[in-house]
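In what follows, a structure is listed as structure tokens, so that the remarks can point back to it.
Nothing in this text is a laboratory measurement; each read-out follows from the coordinates by a stated rule. On a predicted model such as this, the values are computed, not experimentally measured, just so you know. With ideal geometry, Cβ positions are generated from the backbone for all residues, glycine too; neighbour counts draw on all protein chains shown.
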Amino acid sequence: MAKILIVDDSPTELHVLSQMLSKGGYDTVTAEDGEEGIERAKSELPDLILMDVVMPGLNGFQATRKLSRDAATKHIPVVMVTTKDQDTDREWGMRQGARDYMVKPVKSDELLDKVRTLLESA
């Protein structure tokens, strides 16, 4: 069973995304900010990371950049999952090392399709 790390400062989003992924047959681990997300990524070595952008402290762009440049975590695909829906945000996220970008609210079937596709290509 693939393990997915969800990094988001909203307890509601963590719950909703965890439920979607659990129903899709995935094991989930959560973190509430960018710093914790990096720590969890290094300790858990998930198969994929869903990363919010707007969080206190280290934001999702910064956390993704650190993960994509760290030898221990650079192989883990990161999908930005955020309310930031501008093309410049999407482009910046991809430049930081994200493999894909989704705008909230996400639909369960779209999320599961994207996760499945990225895990198969990893």
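Once each part is reduced to its C-alpha centroid, what is the distance from region 1-17 to region 43-62 in angstrom?
If we compute the Cα centre of each part, the gap is 10 Å.
Using the Cα atoms of the chain, I'd like the radius of gyration and the largest Cα-Cα distance, Dmax, both in angstrom.
Using the Cα atoms of the chain, the pair Rg, Dmax is 12.6, 35 Å.
Taking the dipole about the Cα centre of the chain, with the C-beta of Lys and Arg at +1 and of Asp and Glu at -1, give me whichever of Pro105, Ala122, Gly93 is farthest to the positive side.
Ala122
At a 10 angstrom cut-off on C-beta neighbours, averaged per residue, how do the peptides 99-109, 73-83 rank from highest to lowest? Each step should come with its number before you reach the end.
Values: 99-109: 15.4, 73-83: 20.5.
The most tightly packed comes first, giving 73-83, 99-109.
Please give me the summed charge of the neighbours of Lys3: other residues whose Cβ is under 9 Å from its Cβ, Lys and Arg +1, Asp and Glu -1. Numbers along the way, then the final one.
Details: positive: none; negative: Asp27, Glu44, Asp47.
Around Lys3, the charge tally is -3.
Work out the length of the dipole vector of region 3-117 about its Cα centre, built from +1 on the beta-carbon of each Lys and Arg and -1 on the beta-carbon of each Asp and Glu, and round it to the nearest 20 debye.
Values: 16 positive and 21 negative charges, 82 e Å.
With only Lys, Arg, Asp and Glu charged at Cβ, the dipole is about 400 debye.
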